[in-house]
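Asks: Below are the structure tokens for one structure; questions will follow.
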């Protein structure tokens with residue numbers, strides 16, 4: 001999780017990291033964000049909450065709120081027949097997904113991660129592949145456009161705040177913006193995804209200026225921003241996001257990797273759709289969506305997030321909403337890809353559906369698999385279906401995926417190697 005990957009934060013375009021191998025760290029005593037995904041802090045006094053579990057998935061339970069229809073006109077008309085976006089991140093590192101194997105039927109947009117700015121305004125185009133990086137970028141752009149899809153260059157990622165600050169400083173901003181414009185034009189990208197992590201109040205003015213300058217220099221490009229989920233025990237002032245929303249095409253919640261073994265927490269889900277109102281599991285998609293909507297982000301410009309990876313807890317935890325008892329999250333993004341979960345952990349006997357959070361999990365009586373998991377939280381097709389129904393009911397703009405690489409099952413028959421993208425097509429685009 002320390003290799004320039006997306007993550008979740010309490011207020012910001014990220015405040016931790018989400019990637020191969022790391023599960024973050026607890027916040028300090030004051031509850032500030034210190035790479036713990038949820039900027040968790042002390043969860044406060046625990047209140048027991050039932051998980052309302054059953055042995056199989058349920059299709060109900062999504063809100064009926066249809067607010068936001070009046071915001072549809074503010075949304076870019078680049079989505080599928082529903083007008084919604086499914087924007088998948090393709091990482092130039094980690095699990096391999098051949099460009100020719102990308103399932104474009106489940107996508108409207110692709111974001112290529114990550115192009116890395118430095119503190120002087122230069123941009124590293126290697127995609128962590130050295131000299132092969134530029135060739136990969138050109139190949140992805142060509143194939144995306146051949147499929148009739150939009151493609152964006154994603155910049156930044158985990159722990160990138162200092163280089164963003166340097167690149168957007170008064171001394172370097174002009175050079176950085178020129179390099180960014182050159183990147184878009186050279187490759188033929190349709191836009192940029194600005195992943196500034198962590199993102200503090202002192203960064204607001206610089207980001208606002210950057211977005212305005214990009215709009216002026218390249219009026220037709222798409223501009224998106226991943227943003228963090230909110231800890232319900234310590235919500236942030238999100239007014240900046242409401243004000244900048246008019247200048248961007250999408251703000252997308254990094255609503256994955258939300259669980260952790262932090263002080264005051266119980267075990268929780270990686271990407272829970274609904275909050276259980278337990279202060280020891282103080283984060284979920286629905287409550288964060290409501291926070292951003294109240295801050296003034298238009299419904300049609302706000303997207304939710306889906307992780308094609310899960311998280312593995314060690315003993316004694318075997319399910320969500322349990323006291324940790326010394327359990328830790330021992331593996332996540334990268335190691336616990338959906339492909340790995342299905343090949344090494346999944347079985348019908350281990351599967352349980354949480355009809356409150358609307359996500360599945362796997363439970364084991366003893367350490368299981370190479371990571372020694374006793375509880376695995378992840379997303380599957382029924383969870384994606386529930387997310388799609390919820391997003392439609394709220395009039396939201398769509399969904400982002402971190403990463404489509406991790407959902408690719410190379411050993412499956414041709415046409416069946418990206419089952420979660422097939423679920424995305426049904427849930428969001430039909």
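Derivation of every value follows stated rules applied to the coordinates shown; laboratory data play no part. Computed from a predicted model, the values in this text were never measured in an experiment. FYI the Cβ positions are ideal-geometry reconstructions off the backbone, even for glycines, and counts take in every protein chain you see.
Asks: Assign one of three labels to segment 178-255, namely rounded, prolate or oblate, based on the Cα gyration tensor with a ≥ b ≥ c the square roots of its eigenvalues; rounded applies when a/c is under 1.5, prolate when it is not and a/b is larger than b/c, and oblate otherwise.
Replies: Verdict is prolate for segment 178-255.
Asks: Using alpha carbons only, what's the Rg to Rh ratio of segment 287-430 with Rh from Kirkwood?
Replies: Using Cα coordinates only, the ratio equals 1.00.
Asks: Let me ask another. How much of the DSSP bridge set in segment 54-428 is antiparallel, in percent, rounded to the nearest 5?
Replies: Counting only bridges with both partners in segment 54-428, antiparallel ones make up about 35 percent.
Asks: When you have a sec, figure out the Kirkwood radius of segment 54-428 from all distinct Cα pair distances and drop it here in Å to one decimal?
Replies: Computed over segment 54-428, the radius equals 20.9 Å.
Asks: OK, next. Going by the alpha-carbon gyration tensor, a ≥ b ≥ c the square roots of its eigenvalues, is segment 275-341 rounded (a/c under 1.5) or, if a/c is not under 1.5, prolate (a/b greater than b/c) versus oblate?
Replies: Cα axes put segment 275-341 in the oblate bin.
Asks: Could I have the simple spin-label model distance between residue 105 and residue 216, label points 7 Å from Cα toward Cβ, reported in nm to one decimal?
Replies: 4.6 nm
Asks: Continuing with the same structure: How many nm separate the modelled label positions at residue 349 and residue 138, each set 7 Å beyond the Cα in the direction of the Cβ?
Replies: 5.4 nm
Asks: Related question: What's the ranking of 287-296, 216-225, 343-352 by average number of surrounding C-beta atoms within 10 Å, highest first?
Replies: Result, highest mean first: 287-296, 216-225, 343-352.
Asks: Over segment 54-428, what is the mean sequence separation of C-alpha contacts under 8 Å (at least six apart), divided by residue count, expressed as relative contact order in percent?
Replies: The normalised contact order for segment 54-428 reaches 22 percent.
Asks: Can you tell me the order of 423-429, 326-332 when each peptide is scored by its average per-residue count of other Cβ atoms within 10 angstrom, highest first?
Replies: 423-429, 326-332
Asks: Between segment 84-154 and segment 270-304, what is the C-alpha centre distance in whole Å?
Replies: 28 Å
Asks: Starting with the highest mean, order 301-310, 370-379, 206-215 by the number of other Cβ atoms within 10 Å, averaged over the residues of each peptide.
Replies: So the order, starting with the most tightly packed, is 301-310, 370-379, 206-215.
Asks: If you don't mind, another one. To make sure I understand, if each residue's beta carbon is the centre and we count other beta carbons within 10 Å, what order do 299, 269 fall in, fewest to most?
Replies: 299, 269
Asks: Now for a different question. Please report how far the C-alpha centroid of segment 202-238 lies from that of segment 387-430, rounded to the nearest whole angstrom.
Replies: Centre-to-centre distance over Cα atoms comes out at 25 Å.
Asks: Along the Cα→Cβ direction, 7 angstrom out, place labels at residue 170 and residue 118. What is the inter-label distance in nm?
Replies: Result: 2.5 nm between the two label points.
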